[in-house]
Each structure stands twice: as structure tokens, then as C-alpha cells.
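*Asks:* Let me begin by handing over the structure; questions about it come next.
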Amino acid sequence: ATVDADGNAVTIKTDEGEMKMSGGDAAKLPATFPNDVYQPAGAKVESVMEMPGTMVVQFDAAGDIASLADASGKMMATHGWKQQLSMQQSAEQQVTMYEKDKRAATISLIDDEAKGVKVNVQVMEKQ
């Protein structure tokens with residue numbers, strides 16, 4: 001494996017593919033992020049991890065879990081995603097899983113106390 005580190009971004013290359021990770025100011029929404037998957041309006045991208053068949057993006061969003069859960073659910077349904085599971089462990093955390101065609105998406109909402117909500121979006125191709 002080869003590792004290329006540049007500030008807040010790291011790329012690891014192996015025979016099986018490439019994994020890219022970035023955080024902080026280096027974190028940008030990848031051009032390959034699917035346009036049919038929820039991303040909170042006006043949110044800052046905190047971190048990105050890309051590897052073959054999987055992408056994970058963490059956003060820092062304003063608002064509360066209830067309003068973001070409602071917005072994400074409506075957007076995903078509008079784009080043809082079918083909800084498979086939704087769990088709310090507490091008032092501070094909610095996870096919803098979706099499927100569409102040969103893809104799966106998980107949206108995790110975590111209360112970040114006074115700072116808003118951390119929104120983790122994972123999209124992966126199903127084998």
C-alpha cells in the first residue's frame with residue numbers, strides 16, 4: 001500500500017482500490033456524491049471518506065434532530081429511496097436506513113449540544 005498525506009487529507013492506495021479521507025478545511029463534498037441522497041442545506045462538510053463502493057460524509061448542520069430527520073426523510077422518499085429502518089436511541093440521536101436499486105444509505109443525526117447537529121451520511125453499493 002502507498003500512503004499520500006497532505007495536510008488534512010490522506011489517500012491510501014492498495015491493489016484492491018483507493019481510500020481517501022479528508023477533514024477540516026480540506027473536506028469538500030465530492031463531485032461524485034449522489035444528487036439523490038440527502039445533504040442538509042447550508043451545512044459545512046466536516047469530513048469525507050471515500051473507498052470503492054462506499055462514501056461517508058459528515059456535515060455540521062444548523063437546526064435540530066426533529067426538523068433534519070423530517071427534511072431528510074421527505075427528500076429521500078421524493079427521490080425513490082425506501083426506508084428500511086429508523087431508530088431513535090434518545091432525543092440526541094437518530095439513525096435511518098434506506099435502500100434504492102443496488103444502493104443503501106444510512107443517515108445518522110447526532111445532537112452536537114449548542115453547535116447544532118452532526119449529520120453522517122453513508123452511501124454504499126450493495127453486492
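The values are calculated or read from the model by the stated rules, or taken from the named source; none is laboratory data. Being a predicted model, the structure only gives us computed values, none of them experimental. Here Cβ is always computed from backbone atoms with ideal geometry, including for glycine, and neighbour counts include all displayed protein chains. Note: accessible area is taken over every heavy atom of the protein model, side chains too, but ligands, DNA and RNA are not part of it. Shrake-Rupley method; radii C 1.70, N 1.55, O 1.52, S 1.80 Å.
*Asks:* Find how much the distance from Arg103 to Ala66 grows on full extension, using 0.36 nm per residue of separation minus their present alpha carbon separation; answer in nm with one decimal.
*Replies:* 10.8 nm
*Asks:* Just to confirm my numbers, what's the Cα centroid distance between the stretch 23-43 and the stretch 45-59 in Å?
*Replies:* Measuring centre to centre over Cα atoms gives 8 Å.
*Asks:* Tell me the carbon and sulfur percent of the accessible area for the stretch 51-127, rounded to whole percent, probe radius 1.4 Å.
*Replies:* C and S fraction of accessible area: 50 percent.
*Asks:* Highest first, please rank the peptides 59-68, 11-20 by the mean number of other Cβ atoms sitting within 10 Å of their residues.
*Replies:* My ranking of the peptides, most packed first, is 59-68, 11-20.
*Asks:* Let me ask something else. Pairs Lys20/Lys100; Lys20/Lys126; Lys28/Lys74: which are spaced more than 22 Å apart, C-alpha to C-alpha?
*Replies:* Lys20/Lys100; Lys28/Lys74
*Asks:* Can you pull the three principal axis extents for the Cα set of the stretch 62-127, in Å, largest first?
*Replies:* Answer, in whole Å and largest first: 38, 22, 17 Å.
*Asks:* Report, in degrees rounded to the nearest 10, the 0 to 90 angle that the Cα long axis of helix 65-78 makes with the longest principal axis of the chain.
*Replies:* 80 degrees
*Asks:* I want the local charge near Asp25. Using Cβ-Cβ distances under 15 Å, sum +1 for each Lys or Arg and -1 for each Asp or Glu among the other residues.
*Replies:* -1
*Asks:* Right, next: How much accessible area per residue does the chain have, counting only protein heavy atoms and a probe of 1.4 Å, in square angstrom?
*Replies:* In whole numbers, the chain has 60 Å² accessible per residue.
*Asks:* For Lys100, what charge total do you get from the other residues with a beta carbon under 13 Å from its beta carbon, if Lys and Arg give +1 and Asp and Glu give -1?
*Replies:* Charge balance near Lys100 sits at 0.
*Asks:* At q = 0.15 Å⁻¹, work out log10 I(q)/I(0) for the chain with the Debye formula, treating every Cα as an identical point scatterer and leaving solvent out; two decimals please.
*Replies:* So the normalised log intensities are -0.72.
*Asks:* Oh, and also: Run lengths n ≥ 4 of DSSP H only: what is the helix-derived mean residue ellipticity at 222 nm for the chain, with -39500 (n - 2.57) per run over all residues, to the nearest 500?
*Replies:* It comes out at -3500 deg cm²/dmol, rounded to the nearest 500.
*Asks:* Further question on the same structure: Please give the length that would be gained between Thr11 and Gln84 if that part of the chain were fully extended, namely 0.36 nm times their separation in residues minus their C-alpha to C-alpha distance (nm, one decimal).
*Replies:* 23.0 nm
*Asks:* If the convex hull of the alpha-carbon atoms of the stretch 1-68 is projected onto planes in all directions, what is the mean projected area in square nanometres?
*Replies:* Computing the convex hull of the Cα atoms and averaging its projections yields 5.3 nm².
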